[in-house]
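Let me begin by presenting the structure, written as structure tokens, before commenting on it.
The values are calculated or read from the model by the stated rules, or taken from the named source; none is laboratory data. Bear in mind that the values here come from a model prediction, so they are computed numbers and not experimental data. A quick note on method: Cβ atoms are made from the backbone with ideal geometry, for glycine too, and the neighbour counts reach across all protein chains shown.
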Amino acid sequence: MQQTIFITGASSGLGKATAKLFQSRGWKVIATMRNPEKAAELSTLEHVTLLPLDVTNVSQIQSTVNAATAQGVDVVFNNAGYGLIGPLEALSDEQIVRQLTTNLLGVIRVTQAFIPYFREKKKGLFISTTSIGGLIAFPFGSTYHATKWALEGWSESMAFELNSFGVNIKTVSPGGIETDFAGRSLDLTSSAAYDPMIQAMMNGFGAMMQTASTAKQIAEVVYEAATDGKNKLRYVAGEDAKALYAQRLEQGDETFRAWLGKQFLHH
């Protein structure tokens with residue numbers, strides 16, 4: 001029986017890599033993005049349907065989910081998101097609201113729209129892209145981390161209410177990915193007082209990206225989460241993310257934070 005995955009933020013990066021991987025393994029894919037006409041490569045693949053979805057648009061979420069469930073959906077991959085980086089003092093209220101609305105409310109609203117359908121079927125799986133930044137925090141990512149830590153806690157709570165209906169929820173927490181996240185999916189703001197620290201942090205990230213995973217490697221972890229049948233909440237994805245998370249658990253929060261500050265603020 002052919003299974004179907006519904007993917008948000010599928011136009012590039014991890015979303016696109018996941019769409020291609022699942023398609024290559026015989027799945028049907030419903031790939032959603034703000035501008036489907038830009039996804040020329042995906043549109044040529046067999047068993048891939050493109051639908052428009054801006055996860056900040058509440059009425060469009062409902063209409064797109066209705067269109068998807070009419071075709072049948074087994075897995076929902078909440079992947080749409082971007083990174084807002086910069087000192088809080090320098091961020092506009094509009095930037096903060098957009099980050100929360102996209103990364104956090106987008107996932108909550110898309111999930112909420114699918115729940116009745118999965119509950120009736122008594123099966124289904126939600127997977128959300130969080131980040132190693134949902135388990136540890138880097139300098140100048142406060143609002144981004146607010147969304148990703150929120151998603152980790154939200155998913156942990158959601159598992160209790162969904163599991164009783166045979167529905168599951170999981171998070172995939174990648175470290176660095178060699179995509180255009182740093183260009184297309186990054187909103188970087190600064191102000192003079194913070195510039196030296198921002199520069200040090202960007203250098204730290206540059207060093208970290210030496211060990212980044214490919215989008216396909218992370219897509220493999222999404223595939224594992226979708227197919228392993230395990231009632232497991234968290235999938236830390238990428239060698240860099242695994243090493244950092246293990247280090248935090250081993251050292252404890254305060255020792256780890258002191259180390260991280262040295263890496264990213266005093267480069």
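Taking only pairs six or more apart or across chains, which ones have beta-carbon atoms under 6 Å, a first residue in segment 231-258 that is acidic (Asp, Glu), and a second residue that is part of a loop (DSSP other than H, G, I, E, B) and surrounded by 12 or more Cβ atoms within 10 Å (Cβ to Cβ)?
Sorted first by the residue in segment 231-258, then by its partner, the pairs are 240/175; 240/176.
Got a sec? Which of 127, 136 is assigned to a strand (DSSP E or B), within 24 Å of residue 219 (Cα to Cα) and in contact (Cβ under 8 Å) with a residue 40 or more places away in the chain? Walk me through it before giving the result.
Values: 136 fails: assigned to a strand (DSSP E or B).
That would be 127, the only listed residue that is assigned to a strand (DSSP E or B), within 24 Å of residue 219 (Cα to Cα) and in contact (Cβ under 8 Å) with a residue 40 or more places away in the chain.
Considering only segment 218-230, I want to know if a residue exists there that is surrounded by 14 or more Cβ atoms within 10 Å (Cβ to Cβ) and outside any helix (DSSP H, G or I). Reasoning before the result, please.
If we filter segment 218-230 for residues that are surrounded by 14 or more Cβ atoms within 10 Å (Cβ to Cβ), which is where we start, we get 218-227.
Now narrow it down to the ones that are outside any helix (DSSP H, G or I): none.
No, every residue in segment 218-230 fails to be surrounded by 14 or more Cβ atoms within 10 Å (Cβ to Cβ) and outside any helix (DSSP H, G or I).
For segment 34-57, enumerate the residues that are closer than 15 Å to residue 76 by Cβ and either of a type in the set (Val, Ile, Thr) or within 17 Å of the chain's Cα centre (by Cα) (or both).
First pass over segment 34-57, keeping only residues closer than 15 Å to residue 76 by Cβ: 49, 51, 53, 55.
If the condition is that a residue be closer than 15 Å to residue 76 by Cβ and either of a type in the set (Val, Ile, Thr) or within 17 Å of the chain's Cα centre (by Cα) (or both), then 49, 53, 55 are the ones that fit.
Take the conditions buried (at least 19 other Cβ atoms within 10 Å of the Cβ) and at pLDDT 95 or above and apply them to residue 53. Does it pass?
On the way: buried (at least 19 other Cβ atoms within 10 Å of the Cβ): yes; at pLDDT 95 or above: yes.
It is true that residue 53 is buried (at least 19 other Cβ atoms within 10 Å of the Cβ) and at pLDDT 95 or above.
Select, from 138, 114, the only residue that is crowded, with 19+ Cβ neighbours inside 10 Å and touching a His at 6+ places or on another chain (Cβ under 9 Å). Explain how you work it out, then say what you get.
Details: 114 fails: touching a His at 6+ places or on another chain (Cβ under 9 Å).
Exactly one residue qualifies, and that residue is 138.
Working only within segment 1-43, note down all residues that are part of a loop (DSSP other than H, G, I, E, B), modelled with pLDDT under 95 and hydroxyl-bearing (Ser, Thr, Tyr).
11, 12
If I filter segment 186-203 for residues that are part of a helix (DSSP H, G or I), modelled with pLDDT of 95 or more and out of contact with any Pro (no Cβ under 7 Å at 6 or more places or on another chain), do I get at least one hit? Working first, answer last.
Taking segment 186-203 first, the residues part of a helix (DSSP H, G or I) are 192-203.
Retained after the next criterion (residues that are modelled with pLDDT of 95 or more): none.
No, because not a single residue in segment 186-203 is part of a helix (DSSP H, G or I), modelled with pLDDT of 95 or more and out of contact with any Pro (no Cβ under 7 Å at 6 or more places or on another chain).
Please go through segment 60-86 and pick out each residue that is surrounded by fewer than 23 Cβ atoms within 10 Å (Cβ to Cβ), at pLDDT 95 or above and part of a loop (DSSP other than H, G, I, E, B).
72, 73, 74
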